[in-house]
């Protein structure tokens, strides 16, 4: 007769131990999330709330002799509507705004607008497809606007981009 050994099935940890480990891991995840959130939040400073002027309905002259205060200026450009270089039957409408470091003359804004129009006409559809294509387009627009404006343009804000 054959000598048959009985093999005992291996037992894993009990259900109570498994639930306890699940609870410990969940608490650790919550704690790490809370600590990470606090760490990321500590670098933020709340934006100051502007005080409402007493006579909000009237126009006031600036206190420094009638000159406008220097600071960041947002200028909306006229929409750029043109066809792409390839395929030439695809049209693009691009509405952008320029963020200047200080108020600039309108001639500079027109030069930047014309330069951006000339650049958009050279684009090919495959260059602006997808998220990475959009990021490259935005970086190119920022670079060209800054070069044309002598570094006064800090950012080009794309309001709408429509391809047809």
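Out of the residues in segment 112-126 meeting the condition of being in contact with a strand residue (DSSP E or B) (Cβ under 9 Å, 6 or more places away or on another chain) and not in a helix (DSSP H, G or I), tell me which one is nearest to residue 70 (Cα to Cα). Checking each candidate, the answer is 123.
Closer than 23 Å to residue 86 by Cα, free of Cβ contacts under 8 Å to residues at least 12 places away in the same chain and assigned to a helix (DSSP H, G or I) - does that describe any residue in segment 102-111?
Keep residues of segment 102-111 that are closer than 23 Å to residue 86 by Cα, which gives none.
Scanning segment 102-111 turns up no residue that is closer than 23 Å to residue 86 by Cα, free of Cβ contacts under 8 Å to residues at least 12 places away in the same chain and assigned to a helix (DSSP H, G or I).
Restricting attention to segment 78-101, the residues that are within 21 Å of residue 150 (Cα to Cα), part of a strand (DSSP E or B), in contact with a helix residue (DSSP H, G or I) (Cβ under 8 Å, 6 or more places away or on another chain) and without any contact (Cβ under 8 Å) to a residue 60 or more places away in the chain add up to 1. Taking the criterion of being touching a strand residue (DSSP E or B) at 6+ places or on another chain (Cβ under 7 Å) and surrounded by fewer than 16 Cβ atoms within 10 Å (Cβ to Cβ), the residues of segment 90-106 that qualify are 90, 91, 93, 97, 101, 102, 103. For segment 127-164, the set of residues classified as touching a strand residue (DSSP E or B) at 6+ places or on another chain (Cβ under 8 Å), more than 22 Å from residue 86 (Cα to Cα) and either in contact (Cβ under 8 Å) with a residue 12 or more places away in the chain or not in a helix (DSSP H, G or I) (or both) consists of 142, 145, 149, 152, 153, 154, 155, 156, 157, 159, listed by residue number.
Would you check if residue 37 is modelled with pLDDT under 95 and either in contact with a helix residue (DSSP H, G or I) (Cβ under 8 Å, 6 or more places away or on another chain) or surrounded by fewer than 10 Cβ atoms within 10 Å (Cβ to Cβ) (or both)? Judged against the criteria, residue 37 is not a match. Within segment 71-85, identify whether any single residue is loosely packed, with under 10 Cβ neighbours inside 10 Å and at pLDDT below 95, and answer yes or no. Yes, there is a match, as at least one residue in segment 71-85 is loosely packed, with under 10 Cβ neighbours inside 10 Å and at pLDDT below 95.
The values are calculated or read from the model by the stated rules, or taken from the named source; none is laboratory data. Note that the structure is predicted; figures quoted are calculated from it, not measured. Using ideal geometry, Cβ is built from the backbone for each residue, glycine included, and neighbour counts are taken over all protein chains shown.
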